[in-house]
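This report refers to the structure that appears directly beneath it.
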Amino acid sequence: MNMNQLWKKPPRIKVLEALGCIADRRIELISDYEAKVVSSTGERTYIVKWNGGKAIFSNDNGSIYRGYLGYPSIAFLMLKGLLPFNKRIAEGLKGIPWKRLNEKYKKYWIVESIIKRQLKRRGISEEEVENFIKEVLTAIKKLKPEKLEV
C-alpha cells in the first residue's frame, strides 16, 4: 500500500508570510487547482498544484528542500477556505521584505519578533497574531496535507 507522505509542520513565520503574500497580491489563481506565487523580491515564481482534496504541491525552497508546507501552499489553502484567513493581520503585513529579513537575521524567531513589533505599530496586538498563528497551525495539523506527486 502506498501511503501518501504528509507535509511537515511549517515554521510559524510561514503563516505570516502566507498572509503577506495574499495581502501583497503575489498569489494568482490560474485555475481551481493551480496558482502562481511571486516571491517577495519578485525574482522567483513558485507553482502550487492541488488535487482538490488533501494533496498539494509547491516548488518553493521550504517545500522542496525541507519538506514542510511552504507559504505558497498555505496561502493557496487560505484562499480556498481550507485554512483560516485574517484580513486585518494580512493588511498589516503588506509590503514586508520577507526574503531580505530572513537572509539578514537567519533565524525565523528573530524575524517573527520584528514583524510582531511592526504589526503592533499598525494596531495589531501580539496576542491577536499569536492566536492566529496557533489557529492556522492547528488547522494544518487537522487537515493533514499530503505531498502531491507531480
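The values are calculated or read from the model by the stated rules, or taken from the named source; none is laboratory data. Predicted model, so just to flag it, every value in this text is computed and none were measured. Positions of Cβ are generated from backbone atoms using ideal geometry, with glycine treated the same way; all protein chains shown enter the neighbour counts.
For the list (1) under 29 Å from residue 122 (Cα atoms); (2) in contact with a Pro (Cβ under 7 Å, 6 or more places away or on another chain); (3) modelled with pLDDT under 95, I need the number of the one condition that residue 97 fails.
Going through the list (1) under 29 Å from residue 122 (Cα atoms); (2) in contact with a Pro (Cβ under 7 Å, 6 or more places away or on another chain); (3) modelled with pLDDT under 95, residue 97 breaks only (2).
Going by what's in this entry, would residue 80 be described as over 13 Å from residue 13 (Cα atoms), touching a strand residue (DSSP E or B) at 6+ places or on another chain (Cβ under 8 Å), surrounded by fewer than 17 Cβ atoms within 10 Å (Cβ to Cβ) and modelled with pLDDT of 95 or more?
For residue 80, the condition - over 13 Å from residue 13 (Cα atoms), touching a strand residue (DSSP E or B) at 6+ places or on another chain (Cβ under 8 Å), surrounded by fewer than 17 Cβ atoms within 10 Å (Cβ to Cβ) and modelled with pLDDT of 95 or more - is met.
So how many residues does region 53-69 have that are modelled with pLDDT of 95 or more, within 16 Å of residue 137 (Cα to Cα) and in a loop (DSSP other than H, G, I, E, B)?
Count: 2.
I'm told residue 45 meets every condition in (1) hydroxyl-bearing (Ser, Thr, Tyr); (2) surrounded by 18 or more Cβ atoms within 10 Å (Cβ to Cβ); (3) out of contact with any Gly (no Cβ under 6 Å at 6 or more places or on another chain) except one. Can you identify the failing condition by its number?
Among (1) hydroxyl-bearing (Ser, Thr, Tyr); (2) surrounded by 18 or more Cβ atoms within 10 Å (Cβ to Cβ); (3) out of contact with any Gly (no Cβ under 6 Å at 6 or more places or on another chain), residue 45 violates only (2).
Yes/no matrix, rows are residues, columns are (1) in contact (Cβ under 8 Å) with a residue 60 or more places away in the chain; (2) touching a helix residue (DSSP H, G or I) at 6+ places or on another chain (Cβ under 7 Å); (3) under 23 Å from residue 132 (Cα atoms):
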position: 15; (1), (2), (3): yes, yes, yes
position: 18; (1), (2), (3): yes, yes, yes
position: 35; (1), (2), (3): no, yes, no
position: 40; (1), (2), (3): yes, yes, yes
position: 47; (1), (2), (3): no, no, no
position: 50; (1), (2), (3): yes, yes, no
position: 73; (1), (2), (3): yes, yes, yes
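Kindly evaluate residue 42 against the criterion of being closer than 14 Å to residue 99 by Cβ and either modelled with pLDDT of 95 or more or not charged (D, E, K, R) (or both).
yes
Condition test on residue 40, is it in a loop (DSSP other than H, G, I, E, B) and touching a Pro at 6+ places or on another chain (Cβ under 8 Å)?
So residue 40 fits the description; yes.
Return the total of residues in region 73-112 being part of a helix (DSSP H, G or I), within 13 Å of the chain's Cα centre (by Cα) and farther than 12 Å from residue 20 by Cβ.
So the count comes out to 4.
Restricting attention to region 113-150, and to residues there that are β-branched (Val, Ile, Thr) and within 15 Å of the chain's Cα centre (by Cα), which single residue is nearest to residue 6 (Cα to Cα)?
Only one residue tops the list, namely 140.
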